[in-house]
Structures are given as structure tokens and as C-alpha cells.
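Read-outs: derived from the displayed coordinates by stated rules, not from any lab. Only a predicted model underlies this, so the values are computations on that prediction, with no experimental measurement involved. Don't worry about glycine lacking a Cβ; one is built from the backbone with ideal geometry, like all the others, and counts go over all protein chains shown.
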Amino acid sequence: MANKLKKIAPRFRAPKSPGRDGLMPDKGKKDGSCNRTACQRPLRGKRQYYMRDYMVQDGRLYYCEPCEREFTRWDRIDRPGEELRCTLDPTTADGAAQ
Ligand SMILES: [Zn+2]
């Protein structure tokens, strides 16, 4: 029998190491890594904030608390009177403050 095309199975990376693009595979996910590329802090066990994003399937991108503080600070300067972009996920509110 001819051994024609041998398909190479897609490789799956370990979930906790950044890919070749420097991005964590769980970036922006709840209990994953902060969605800010310069940060990508692990979120599990911490307070987590989400930003609505209609471009992603579940509509939420998650950030750590220090990043949330920065976004909120900028929102108050750039978009006074408008709704803040980051919202605390109440299911993570018992997590240790940083
Ligand atoms: Zn962060």
C-alpha cells in the first residue's frame, strides 16, 4: 500500500508558555493571562476585570487589577462621564488584592 500523504497533526503548545508571537495562549481569558500584551500576568486566584469586546466570541477580555486601574484612570481623563470600560467580574472578587 502506497504511503501517500502523511498528515502532520497540529501541534498543541503547553498552555502556560508564550507562543512564538510572545502571546500566552490563554491571553484575555478568565483565569488565564491578562489581555494587555505588555503585561500578560496570570489571573487565576486574583481579582479579574473584563472589557466587553464584541469581536470575540464570548464578548469578554480579561485584565488584571493593575491594568484595570490604568484603563480606568485613562477613561476618566479621555472619556469623562462615560461608562468605564473595565468591569470587575464578581466571581473573582474574593481573590487576593494585588
Ligand atoms: Zn495586566
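Here are the numbers:
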| quantity | calculated |
| --- | --- |
| Surrounding net charge for Arg76, when Lys and Arg each add one and Asp and Glu each subtract one, Cβ distance under 13 Å | -2 |
| FRET efficiency, 1/(1 + (r/R0)^6) with R0 22 Å, evaluated for Lys16 and Arg69 via beta carbons | 0.30 |
| Tyr54-Arg41 pseudo-label distance in nm [points 7 Å out on the Cα-to-Cβ vector] | 3.1 |
